[in-house]
Each structure stands twice: as structure tokens, then as C-alpha cells.
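A.B. asks: This is the structure, below, for whatever I ask next.
The values are calculated or read from the model by the stated rules, or taken from the named source; none is laboratory data. Being a predicted model, the structure only gives us computed values, none of them experimental. With ideal geometry, Cβ positions are generated from the backbone for all residues, glycine too; neighbour counts draw on all protein chains shown.
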């Protein structure tokens, strides 16, 4: 009997040591920041479809339109984002990256955030770094300091619509700063 009880405690201590090496992920209800991220990135899926896809495929929204999507982009861009309204080729590449790379990634990201899948850490880090570099530096740089024809005439509106696309990924980068991000609240 002693041999069996010893074997049982040996196995239990081995299992216990595994749980200390890799702690369990917290349930979603104990990770409220991930709920907030999931909501934001779900919204980003929709906005990628509504806004970034149109200039990428060449839809004209330089005038008001009866098309809801084109008119939505016109309403936003006509006084706040001339770079978006009249995109040079490089900007169409940026919007294409958003429409065809970031948007599908957001589906995986939202799933991983909700389910607590630690494999998302590395792709999320790459994504957040790319967004900070492309949107935060290049696009904002052109909108505020670039050629006069591409500078925003309505900085408050421009920032209200675009700042979340830089700040939320930067917060995600902070969230993903350490291994096993879903084992902690933040």
C-alpha cells in the first residue's frame, strides 16, 4: 500500500510542478481588458471592410454618393483626410494591407483573446509594431507634416477616427509584452 501511495504523491507532485511551470490561463471574466480588446478589434473588422477596402479596389468616394459605404467614406474624408480621399499608390497599398491582411488577422485575434490562446502573442506583437510604424509614423506624418495637398484640414476629426487604430494596438503590444499573456490580467 505504501508503494501505491508513494507513487500517487510522486505523480501528483509532478503534475503540480507542471502547473507552476505553465500556470493556467485566466478565464475571460477575469481578463476584462481582453473583452475590451475583443470589442475594439471586432469593430476594426467592420471598419476595415467599410473603409479600407474601398480605396484599395478603386471605389471613388470623392463626391457624395447614394452608396452607403462610399458616402460614409466621403463624409469622413472630405474635410479630414485628403490622403485617404485621394490615395497615391503607396496609400492604396497601406489600405490594401489593412483590408486583406489585418482584417483576416482580426478574426484570429478576437478568437484568441476570447479563448485565451497564447499562440497569438507573437503575431499580435508583429501586427502592433507594423501598425505603429505604418499608421502612427508614416500616415500621421504625411497628414500633419507632409505635402500640403495631403495634410488634414480637420485634425480633431482625423484624430478621433484614426488615433484608436494606433493606441489600441500599442496597448495590445503592452498586453503581449510577457510570455503566456492570458495567465495574467494585464
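A.B. asks: Just wondering, is there one or more residues in the range 21-40 that are within 22 Å of residue 77 (Cα to Cα) and modelled with pLDDT of 95 or more?
C.D. replies: yes
A.B. asks: Please give the helices (runs of 4 or more DSSP H) falling wholly within the range 47-137 in which 3 or more residues are under 21 Å from the mean Cα position of the chain (by Cα) and in contact (Cβ under 8 Å) with a residue 12 or more places away in the chain. Break it down stepwise before answering.
C.D. replies: Values: elements: 53-57, 68-80, 82-85, 89-97, 103-115, 121-131.
Correct list: 53-57, 89-97, 103-115, 121-131.
A.B. asks: State yes or no: is residue 150 more than 14 Å from the chain's Cα centre (by Cα), in contact (Cβ under 8 Å) with a residue 40 or more places away in the chain, within 20 Å of residue 37 (Cβ to Cβ) and surrounded by 19 or more Cβ atoms within 10 Å (Cβ to Cβ)? Walk me through how you get there before you give the answer.
C.D. replies: Details: more than 14 Å from the chain's Cα centre (by Cα): yes; in contact (Cβ under 8 Å) with a residue 40 or more places away in the chain: yes; within 20 Å of residue 37 (Cβ to Cβ): no; surrounded by 19 or more Cβ atoms within 10 Å (Cβ to Cβ): yes.
No, not satisfied.
A.B. asks: While we're looking at this one, here's another question. Across the range 156-170, what is the total count of residues that are over 22 Å from residue 96 (Cα atoms) and either in contact with a helix residue (DSSP H, G or I) (Cβ under 7 Å, 6 or more places away or on another chain) or touching a residue at least 60 places away in the same chain (Cβ under 8 Å) (or both)?
C.D. replies: 1
A.B. asks: Still on this structure, please answer the following. Just one of (1) at pLDDT 95 or above; (2) in a helix (DSSP H, G or I); (3) more than 12 Å from the chain's Cα centre (by Cα); (4) loosely packed, with under 15 Cβ neighbours inside 10 Å trips up residue 161, so point out which.
C.D. replies: (4)
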